[in-house]
1. Remind me, relative contact order of the stretch 274-377 in percent, using alpha carbon pairs under 8 angstrom and six or more residues apart?
2. Starting from the Cα of LYS305, draw a straight line to each of the aspartates and glutamates and keep only those under 16 Å, dropping any in the same chain fewer than 8 residues away.
3. Between beta-carbons, use under 12 Å as the cut-off and find the net charge around TYR734, counting Lys and Arg +1, Asp and Glu -1.
4. Which lysines does LYS202 reach when only Cα atoms under 20 Å apart count, and residues fewer than 8 places away in its own chain are ignored?
5. Which entries of LYS493/LYS656; LYS493/LYS523; LYS493/LYS535; LYS199/LYS307; LYS319/LYS437; LYS505/LYS603 show an alpha-carbon separation above 21 angstrom in the structure shown?
6. Could you please report the charge total around ASN488, scoring K, R as +1 and D, E as -1 over all other residues with beta-carbon less than 15 angstrom from its beta-carbon?
7. Net charge near ASP358, counting Lys/Arg +1 and Asp/Glu -1 over other residues with Cβ under 13 Å of its Cβ?
8. What number, in percent, do you get for the relative contact order of the stretch 521-584 if the mean sequence gap of Cα pairs under 8 Å and at least 6 apart is divided by its residue count?
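What follows is calculated from the coordinates using simple rules that are stated; it is not laboratory data. Computed from a predicted structure; not experimentally measured. Glycine gets a Cβ as well: all are built from the backbone with ideal geometry, and neighbour counts include every protein chain shown.
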Amino acid sequence: MSLGNSRHWLQMIGENIPNLTELRLSDCSLSDNDVQLLFHIHSNYSSTTPLTILDLSDNMLTSSTFQLLSNLSFNLRELYLSSNNIVLSNSHYPNFPSLVSLDLSYNNLSSAVFQGNFNFGSNLEKLDLSNCSLTDTSFLVSSTSIVNSSSSLVSLDLSLDLLTSSNIFHWIFNFTANLHALSLGDNLLEGPVPLGFDKAMKSLEYLDLSDNNLQGEIPHFFGNICTLQSLVLSYNNLSGDFSRFIQNSSWCNRHIFQELYLSYNQITGVIPKSIRVLSELEYLSLEGNFLKGEITESHLTSFSKLKYLSLSYNSLSLKFVPRWIPPFQLIYLSLASCKLGPNFPSWLHTQNHLGYLDISDAGIHGTVPEWVWYKFQVVGYGYHLNMSHNNFIGAIPSLPPRLSVPGAYIDLTSNQFEGTIPSFLQHASWLILSENKFSDVSSLLCDNSTTATSSLLSLDLTNNQINGQLPDCWGSVNTLLFLDLSNNNLSGKIPPSMGSLNKLKALVLRNNSLMGELPSSLKNCTHLFVLDVAKNLLAGPIPFWIGDNLQQLILLSMSENHFSGNLSMHLCHLENIQVLDLSRNKLSDGIPTCIKNFTAISKRRINITEASRCTDIYSNGTYFYGYGSLGQYIVNITLMWKGVENWFKDPEFSLKAIDLSGNHLTGEIPKEIGYLVGLNELNLSRNNLKGEIPSQIGNLTSLDSLDLSRNDLCGRIPSSLSQIDGIGVLDLSYNNLSGRIPSGGHMDTFGASFFEGNPNLCGEQLNKTCPEDISPTKPQEPTTHDDADDNSDFYEALYMSLGFGFFFGFWGLLGPLLFWRFWRIAYVRFLNKVADYIYVTVALNMRRFHN
């Protein structure tokens with residue numbers, strides 16, 4: 001509720017304030033000023049009648065209002081201030097001496113609540129401090145006021161806080177002996193469940209310790225708390241044998257124990273027949289453990305009051321005698337992955353109030369009895385039916401609609417259902433029929449025999465055998481938010497009436513044989529965040545209205561079609577786009593520089609917030625409709641990733657990719673690509689791109705895959721690519737690149753195949769020496785330095801021998817001639833004889849020559 005002009009409404013309230021004892025203004029967008037005005041009116045108009053109940057939750061109030069209330073409202077018995085902006089510090093010491101019930105949940109109280117002089121008063125019975133950011137230190141220093149007031153507490157809620165240690169248990173055991181209800185769920189508590197609950201909490205009726213990290217065996221002493229009715233220990237790491245827990249507990253509370261939640265722990269063993277001692281059980285949840293064995297009707301014969309039974313995700317087998325009639329009437333039954341087959345469990349026919357039934361992956365074969373579909377029609381709002389992952393066969397009967405059931409969730413995935421989809425299923429809200437053999441959707445959409453208004457929000461018909469043209473009667477289901485018809489045999493054109501789905505959030509028509517242009521009527525679907533028409537025979541230019549009208553798009557996939565023309569500048573209006581796949585078409589011209597306007601991709605992370613507070617929520621890759629709804633749509637993405645087609649169930653929708661490969665794009669890669677720093681994948685391969693790779697591409701530090709292969713790119717590879725530490729795939733093959741391949745980082749991990757087809761590239765990756773690495777040739781280098789070193793001893797000896805030979809030869813000949821006269825005379829005579837001999841010989845030969 002919003003008051004609009006708060007002063008006007010508060011003035012109207014003030015006119016009747018003399019008799020005002022209860023005032024509830026929850027969710028009215030009140031501010032501190034409005035509350036000041038309220039109490040100004042109260043002081044002017046009030047009589048002796050005190051205001052005892054005040055609800056100002058879910059407004060915009062701050063600590064100043066809280067202080068004002070504590071000063072003016074001494075007679076208040078109930079005060080509700082949940083979901084405001086109250087932040088308490090040690091300077092705020094509220095005083096509410098008469099309060100019986102106080103709700104401060106979903107505020108930021110930090111640790112000041114119990115460390116300051118926070119006077120709750122001795123009458124306080126109910127205290128809600130959930131989601132208040134409380135820590136362990138909140139309970140280490142206890143003032144006199146909290147000790148006195150805590151003794152009167154009956155209900156204490158400390159869930160969704162930041163408690164980690166056993167100090168909180170020490171405080172509770174010592175100061176809250178009269179508690180009937182204690183909630184510590186969704187904290188950070190660790191270790192075993194502490195001893196003392198059975199001795200200190202003798203009045204405890206409700207205990208919630210779920211969603212923590214508690215370990216060890218489930219204590220047997222819970223059976224000794226004779227007042228305990230509800231025990232909630234789900235989502236911990238508790239272990240132990242379940243049969244020991246049941247058999248070793250005294251179970252003095254066997255006549256009042258009503259709720260037992262132990263789901264999603266590490267509990268082992270079998271479920272013993274002695275569990276029937278808990279004959280008053282209404283809620284039993286053991287799913288998500290490691291239980292095994294058989295369950296027969298003898299386990300359940302005493303549970304006449306049982307309403308909620310969840311045994312899913314164990315290794316259990318349910319074997320009941322034929323025609324067994326259970327003593328209970330369930331409203332919730334979850335037996336996923338339990339063995340129920342091979343036949344459909346006939347005992348379910350006796351359950352007339354089931355609002356939730358999950359028998360998925362239960363090994364059931366054959367046809368579904370007709371009474372199952374009749375029961376579905378009469379249950380009512382919020383019905384949940386999950387029969388997926390079995391082996392059901394045959395057609396669903398075409399029953400006349402008996403009662404509209406808005407909000408119903410039906411999942412028949414992975415069976416063998418066939419034939420037409422009957423029209424009565426149109427009144428479900430979430431209809432998941434994927435992976436079957438359905439062949440016709442016309443009856444579901446175009447049957448005019450019913451006058452009831454469709455409540456269909458989600459229709460999933462992926463992986464069926466639907467053939468022929470799509471029917472042109474989509475106006476009958478204009479409530480649709482999600483439509484997935486991928487992987488069928490559809491042909492023909494997309495009908496214009498599909499544009500009447502103006503609430504549509506996701507439209508997936510992937511992998512069919514649809515042809516023609518996209519109908520212009522789709523521009524009415526302005527709320528689309530997913531549009532996937534990949535792998536069809538669609539043609540024509542990419543419509544300009546996609547960028548102008550569908551500006552909420554996060555994912556646009558039009559790959560493997562026959563789209564032609566240029567990349568429209570209008571696409572740059574898609575500021576929210578995160579995945580753009582236009583690969584393997586016939587697109588031409590250049591890549592527009594305005595791609596820098598892709599705001600979501602230009603951020604490394606994107607925060608996805610609530611689309612609407614009370615209606616639509618989009619979070620973590622899943623789209624939910626309405627608080628508490630059972631319906632959901634998982635965003636699935638199929639992309640060529642690292643050269644292989646991969647399927648992503650993207651839980652955080654963190655993937656950011658652009659794939660324009662396999663087209664006829666020309667021109668240069670725009671330097672504006674450097675603005676898209678959040679990109680995980682960029683694929684521009686198999687085009688006609690020219691020019692150099694822009695150095696700004698090194699700004700894309702989030703890249704995991706970059707493929708620029710099979711273009712006509714030239715110049716050097718930018719050294720900035722080596723700065724991208726996380727890149728796992730880099731393909732630059734078959735271009736006209738030149739120069740040295742940069743080294744460092746992940747660049748050294750890529751083999752030759754990623755660079756082949758570039759004859760002018762060189763570097764270690766190609767095992768090819770670059771020209772600048774080759775030294776000039778040096779002349780007259782008979783040996784290398786290494787050879788000289790190896791023969792140094794040999795040459796040293798050679799030079800020494802030559803020296804000695806020259807010395808002895810020289811002085812052996814000339815020495816005697818210089819020092820001995822007889823040798824000199826003999827040597828001269830010898831030279832004269834030699835000279836005479838030469839002269840006579842030459843003269844005789846000359847004479848003979850002349851004759």
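1. 23 percent
2. GLU259, GLU280, GLU282, GLU297
3. Details: positive: ARG686, ARG710; negative: ASP707, ASP712, ASP731, GLU756.
Net charge in that neighbourhood comes out at -2.
4. LYS126
5. LYS493/LYS656; LYS199/LYS307; LYS319/LYS437; LYS505/LYS603
6. Its environment carries a net charge of -3.
7. That sum, taken over residues with Cβ under 13 Å, equals -3.
8. 38 percent
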